[in-house]
Amino acid sequence: MSGRNEVRAFLGLGGNIGDPLTAMAAALRIVDADMSTRVVAVSSVYRTPPWGVVAQPDFLNCVAEIRTTLSPRALLELCLGAERELKRVRTIPGGPRVIDVDVLCHGATTLCEDGLELPHPRMLQRAFVLIPLREIAPDLTVEGLGLDHYLTRADTSGISVAEAGDAWWKG
């Protein structure tokens, strides 16, 4: 992939059943293998208490920075394809899952379409997104404000590093 027309995008990954660390690593490798996309940075993995439906195991979460020439919709389809390949079953919104891959940001794109809203509509309230995002992109601004602004308003309790560094996904 050439550097021309590349967009800086961010993905949020997580899971809490089966082996979520292996599933997140596999999802990142699927995204990275696409000719139009490359992973350029990956955060540490964070252990996070469940959000929403709380009667379930803790989650593992991370964020990846990518460069892509894909449109936002095509990037979402790539992420959903990775989820399908890894046997994601959608039953309860916010419920247990093997893998979840969300498009958080796609350059400066702002949009609201069926099944795709950018920036991700809940990312700015979720510490499990903001903490790993700040780790790899401390300079990022969303809606004109830095990540620290949003982190001061997010509940960070119970979040801890489960796997430090970025080598965990490379297999």
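With +1 assigned to the C-beta of every Lys and Arg and -1 to the C-beta of every Asp and Glu, and no other charges, what is the dipole magnitude of the chain about the Cα centre in debye, to the nearest 20? Walk me through the numbers on the way to the answer.
Values: 17 positive and 21 negative charges, 39 e Å.
In total the dipole reaches around 180 debye.
Restricting to Cα pairs below 8 Å that are 6+ residues apart, what does the relative contact order work out to for the chain? Please round to a whole percent. Numbers along the way, then the final one.
On the way: 323 pairs, mean separation 53.5, N = 171.
Normalised by residue count, the contact order of the chain is 31 percent.
Once you put a point 7 Å from the Cα of HIS149 and another 7 Å from the Cα of MET35, both along the Cβ direction, what distance in nm separates them?
Distance between label points: 4.1 nm.
Which FRET efficiency value, to the nearest 0.05, is calculated for CYS112 and ALA164 with the Förster distance at 41 angstrom and r the Cβ-Cβ distance?
Plugging the Cβ-Cβ distance into 1/(1 + (r/R0)^6) gives 0.70.
With a cut-off of at most 14 other beta carbons within 10 Å, and DSSP calling the residue loop, which trypsin sites (Lys or Arg not before Pro) in segment 1-80 qualify? Please list them.
Answer in residue order: ARG4.
Could you give the alpha-carbon Rg of segment 30-171 over 2.2 N^0.38 Å, rounded to two decimals?
1.02
Roughly what would the spin-label model give for GLN125 and GLU85, points 7 Å off Cα along C-beta, in nm?
3.3
Quick note: the coordinates plus some simple rules give every number you see, no bench work behind them. Keep in mind the model is a prediction, meaning the values are calculated, not measured. Cβ coordinates were reconstructed from backbone atoms using ideal geometry, including for glycine residues, and neighbour counts include every protein chain displayed.
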